[in-house]
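The values are calculated or read from the model by the stated rules, or taken from the named source; none is laboratory data. What you see is a predicted model, and the numbers here were worked out from it, not measured in a lab. As a convention, Cβ positions derive from the backbone with ideal geometry for all residues, glycine included, and neighbour counts pool all protein chains shown.
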Amino acid sequence: MIKAAYLHIPFCEHICHYCDFNKVFLKGQPVEEYLKALDLEMNLTLTEVPTDSLDTIFVGGGTPTSLNEKQLYIFCESINRNLPKGKNLEFTFEANPGDLTNEKLQILKDAGVNRISLGVQTFNEDLLKKIGRVHRAKDVYQTVEYAQKVGFENISIDLIFSLPTQTVQDFKETLTDAFSLDLPHYSAYSLIIEPKTVFYNLLKKGKLPTPGEDAEANMYELLMEEMEKHGLRQYEISNFSRQGYESKHNLTYWNNEYYYGFGAGAHSYVNGQRRSNSGPVKKYIDQLSNHVLPIFEDHRVSKEEQMEEEMFLGLRKTDGVSIAHFIEKFEDDPLKLFAKELSDLIAKQWIEVKNNNIYLTKKGRLLGNEVFQAFLGVI
């Protein structure tokens, strides 16, 4: 049964220099037509592949809160009309600091949204400008204060480290500022420079001064130490929370479970099929105006691929891959299927097998991508 849904709002008032998500400038975009198409996609999909109730709904982007108050109200009403909500639903909206007015926050609260994820990235004003963010540190504090006054308790912020010219000391100061908010959840990712971004073009021209691998590793080790000191458990490579505040939605991905994906460029994994939607907003709207699902690619995931995915997605979690769950799900033993790979990784001290789980060591977390690649195309 499908228990999670992701919805994509591709509109942004500004484009950040590192972002390679499916997004467009908001100005001049057919926002109302897009929301109608999104409403229809949810309706058509749930008719084709129904579910009793959802445990998580996650609205990402782009910038979902770039919608004005009226559009936001219409969108939330559409979600609540189309998607069956479970009893203990985690309902998350991504937002930019400074975008959330009291009115928008009240609309979200009234619609049943109970988790806010803020794209903060850094508290360093110079770095915010360098990476193309338009908010300032004061906007973060103000937005968190507004959200808490409206009644939001479950608030998360995203940080990025290894930014151009960033030092370990810069990152330490950002962490100090982040902890001053005393939030129940934090995510922190190292900068990945993707094609078709401003940073990628600068890098190719030799005009992007990155901190380097050693500094990046030092920042990540500092991150893990400081989170632990502040009572936040690392439950995934880049995610830390107080007990009970783990992102249920993101755990759906790492547990390799099914989820709906709605919106331009959104991905879904339903009944053994991985699908991606058409990315261009106009194409997405046009396909749905003909009552056709906006499928761009459709891939049936073989059992072999599912087992490999179970390993490299599950290893992102601190608890790792449950051997018993793997055997129950696939009727195959991962210790036998991946005997050589596991042996090599254990010898390198990148993973451990203990208490019926396979998981990354602290050293392995620093080299996560190399570990994950070991399980690709093995079976």
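Looking across region 104-157, the residues that are under 25 Å from Pro84 (Cβ atoms), in contact with a Cys (Cβ under 9 Å, 6 or more places away or on another chain) and of a type in the set (A, V, I, L, M, F, W, C) come down to Ile107, Leu108, Ala111, Val113. Of the residues in region 111-133, at least one is aliphatic (A, V, I, L, M), modelled with pLDDT of 95 or more and surrounded by fewer than 19 Cβ atoms within 10 Å (Cβ to Cβ).
Taking the condition of being acidic (Asp, Glu) and either buried (at least 19 other Cβ atoms within 10 Å of the Cβ) or within 26 Å of Met224 (Cβ to Cβ) (or both), how many residues in region 321-362 meet it? Total satisfying the criteria: 3. For region 211-254, the tally of residues that are charged (D, E, K, R), touching a strand residue (DSSP E or B) at 6+ places or on another chain (Cβ under 8 Å) and over 30 Å from Leu54 (Cα atoms) stands at 2. Condition check for Arg316 on (1) charged (D, E, K, R); (2) surrounded by fewer than 20 Cβ atoms within 10 Å (Cβ to Cβ); (3) within 24 Å of Thr56 (Cβ to Cβ): one failure, at (2). For Arg365, which of the numbered conditions (1) in contact with a helix residue (DSSP H, G or I) (Cβ under 8 Å, 6 or more places away or on another chain); (2) surrounded by fewer than 14 Cβ atoms within 10 Å (Cβ to Cβ); (3) within 24 Å of Glu213 (Cα to Cα); (4) of a type outside the set (A, V, I, L, M, F, W, C) fails to hold? (2) is the only condition that Arg365 fails.
Within the span defined as region 142-151, one or more residues are surrounded by fewer than 21 Cβ atoms within 10 Å (Cβ to Cβ) and aromatic (Phe, Trp, Tyr). Among the residues of region 271-299, those identified as in a strand (DSSP E or B) and within 21 Å of Gly62 (Cβ to Cβ) are Arg275, Ser276, Asn277, Ile295, Phe296, Glu297. If the condition is being out of contact with any helix residue (DSSP H, G or I) (no Cβ under 8 Å at 6 or more places or on another chain) and either outside the structural domain of Gly151 (by TED's automatic domain parsing) or over 16 Å from Leu128 (Cα atoms) (or both), then region 170-196 contributes Thr176, Ser180, Asp182, Pro184, His185, Ser187, Ile192, Pro195, Lys196.
Condition first: touching a helix residue (DSSP H, G or I) at 6+ places or on another chain (Cβ under 6 Å), part of a helix (DSSP H, G or I) and hydroxyl-bearing (Ser, Thr, Tyr). Can you find one or more residues in region 47-54 that meet it? No, there is no match, as no residue in region 47-54 is touching a helix residue (DSSP H, G or I) at 6+ places or on another chain (Cβ under 6 Å), part of a helix (DSSP H, G or I) and hydroxyl-bearing (Ser, Thr, Tyr).
Across region 265-293, the qualifying residues are those that are among the charged types (D, E, K, R) and out of contact with any Gly (no Cβ under 9 Å at 6 or more places or on another chain), and the one among them that is nearest to Gln306 (Cα to Cα) is Arg274. Within the option set Lys109, Lys70, being among the basic types (Lys, Arg) and free of Cβ contacts under 8 Å to residues at least 24 places away in the same chain holds for one residue only, Lys70.
Residue count for region 231-253 under the criterion of being closer than 18 Å to Leu366 by Cα and under 15 Å from the mean Cα position of the chain (by Cα): the result is 6. Quick one: would you say Lys27 is surrounded by fewer than 18 Cβ atoms within 10 Å (Cβ to Cβ), at pLDDT below 95, of a type outside the set (Val, Ile, Thr) and within 18 Å of Gly112 (Cβ to Cβ)? Spelling it out, it is not the case that Lys27 is surrounded by fewer than 18 Cβ atoms within 10 Å (Cβ to Cβ), at pLDDT below 95, of a type outside the set (Val, Ile, Thr) and within 18 Å of Gly112 (Cβ to Cβ).
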